[in-house]
1. Can you give me the long-range amide H partners of Val3? Hydrogens built in the peptide plane at 1.01 Å from N, cutoff under 5 Å, separation of 5 or more residues or another chain.
2. Given only helices, namely DSSP H runs of n ≥ 4 each adding -39500 (n - 2.57), what is the per-residue ellipticity at 222 nm of the chain, to the nearest 500 deg cm²/dmol?
3. How high is the relative contact order of the chain, given as a whole-number percent (alpha carbon pairs under 8 Å, six or more residues apart)?
4. Quick one: grab Rg to one decimal and Dmax as a whole number for the chain, Cα atoms only, in Å.
5. Could you tell me the accessible area of Val56 in Å² (1.4 Å probe, neighbours in place), rounded to the nearest ten?
6. At 1.4 Å probe radius, can you tell me the per residue accessible area of the chain in Å²?
7. Using a probe of 1.4 angstrom, how much of the accessible area of the chain is carbon and sulfur, in percent?
8. Using modelled backbone amide H atoms (1.01 Å from N, in-plane), which distant-in-sequence or interchain residues come within less than 5 Å of Ile32's amide H?
Amino acid sequence: MAVSFSEALDASSSQSTANYSVYPTGSPGSTIGVSGASLAGSTVTLSLSGTLSEGVGYTVEARATMMDTF
């Protein structure tokens, strides 16, 4: 899953899997584990430990502890 940001990100904080939550929209208690995060420019590619269901909307939350670069 690719997540694009409007600004360049700090490599360390943006590649920490603890900074992301993925869940079916409307069901924040049903999280799908994030097992990896890799940064390329302002896009982070997340590897998930579960599968996504077709036809279901998902929400990705990024923690406020992530930093951008100046």
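1. Placed amide hydrogens put Val44, Thr45, Leu46 under 5 Å from Val3.
2. Per the formula, -1000 deg cm²/dmol.
3. 43
4. When restricted to Cα atoms, the chain yields Rg and Dmax of 12.1, 38 Å.
5. 60
6. Value for the chain: 60 Å² per residue.
7. 50
8. Val22, Tyr23
The values are calculated or read from the model by the stated rules, or taken from the named source; none is laboratory data. This is a predicted model, so every value here is computed, not measured. Accessible surface is based on the protein model in full, side chains and every heavy atom, while ligands, DNA and RNA are left aside. Shrake-Rupley method; radii C 1.70, N 1.55, O 1.52, S 1.80 Å.
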